[in-house]
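Encoded as structure tokens, the structure appears first; notes follow it.
The values are calculated or read from the model by the stated rules, or taken from the named source; none is laboratory data. Nothing here was measured: the structure is a model prediction, and the numbers come from that model. Neighbour counts run over all protein chains shown; Cβ positions are idealised from the backbone, glycine included.
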Amino acid sequence: MQRRWMAAVLGLVAMAGCSSAPQPSPAPAPAVGRPLSGALRWMRRSAEYRALTRETYAAATARVEQLAPAMSGAAWGVILDADETVLDNSMYEVRRAAVDSAYTEASWSAWVRDTAAGAVPGAVAFTQRVHALGGRVVIVTNRADSLCAPTRLNLRKVGVMADLVLCQPPGPGDKNPRFEAVERGTASPTLPALDVVAWVGDNIQDFPRLTQASRADSSALALFGRRYFVLPNPVYGSWESDSTP
Ligand SMILES: [Mg+2]
């Protein structure tokens, strides 16, 4: 009872206030975004990230230069992943943080269609060097087939020399069948069977028959630095599915 009375008095006071003086404009709504993760800030801002991507591409370039002379007469090439290997999507992550939301299919499709991704440092020069040496560049990405046209456009915009872009057909994202098709020459009528001399990716699954389980098998990782070249990606990847501390 006492509470109801107090509420009535307070209501009258509030009404009196409304009629006698203008109210200040409402305070702006608090920002809805969240701070950027350390991993994302590291990829976007650190000198170390840029040094590492250049280092990886420099090693890949040196290896291809070493192997190319023996390839004379044969069709050869390299296979690269797209996202966080040649295309930098960190601005997409920034935009998701600004609205405190994670990846969604709709927001990702809109980002891809914007063709606004930048190039990972070192990637463009690597693809140009492969071409200058007579090799082909194939991008094997798990971007959906329906997004392959804007993906090709984005790659062209940043200067990546891609002879073929293989997106993910409906079904599982296993890249091995596409790797094998490139090597057999069945991936595209425009491309012969390629002797693939190097793979570049930011996810262990960007490399033939490797998975997160490969971490326990040092022999499975023996080709890194020789045929396989990996880029850092602490923001997302197949490693996220393992919750072991
Ligand atoms: Mg990737």
Against the conditions (1) assigned to a loop (DSSP other than H, G, I, E, B); (2) within 16 Å of the ligand (Cβ to nearest atom), where does L147 fall short? Just the number, please.
(1)
Here is a list: A16, A51, A70. Which entry is modelled with pLDDT under 85 and assigned to a helix (DSSP H, G or I)?
A16
Are there any pairs, at least 6 apart or on different chains, whose C-beta atoms fall under 8 Å, with the first in segment 79-99 and assigned to a loop (DSSP other than H, G, I, E, B) and the second of a type in the set (G, A, S) and within 13 Å of the ligand (Cβ to nearest atom), and if so, which?
D81/G201; T85/A123; T85/G201; V86/A123; N89/A117
Taking the condition of being of a type in the set (S, T, N, Q), more than 24 Å from M71 (Cα to Cα) and surrounded by 18 or more Cβ atoms within 10 Å (Cβ to Cβ), how many residues in segment 127-184 meet it?
5
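Residue-wise test of (1) of a type in the set (D, E, K, R); (2) surrounded by fewer than 15 Cβ atoms within 10 Å (Cβ to Cβ); (3) away from the ligand (no atom under 16 Å from the Cβ).
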site	(1), (2), (3)
A59	no, no, yes
S72	no, yes, yes
W111	no, no, no
T115	no, no, yes
Please verify whether A62 is more than 19 Å from V200 (Cα to Cα), of a type outside the set (D, E) and without any contact (Cβ under 8 Å) to a residue 24 or more places away in the chain, treating the condition exactly as stated.
no
Being within 16 Å of the ligand (Cβ to nearest atom) and among the β-branched types (V, I, T) is the filter here, so list the residues in segment 74-97 that pass it.
V78, I79, T85, V86
Considering each of N203, N233, N154 in turn, give the residue that is touching an Asp or Glu at 6+ places or on another chain (Cβ under 6 Å), under 24 Å from E105 (Cβ atoms) and of a type outside the set (S, T, Y).
N233
Mind checking which residues of segment 195-232 are of a type in the set (D, E, K, R), away from the ligand (no atom under 14 Å from the Cβ) and in contact with a strand residue (DSSP E or B) (Cβ under 7 Å, 6 or more places away or on another chain)?
D195, R227
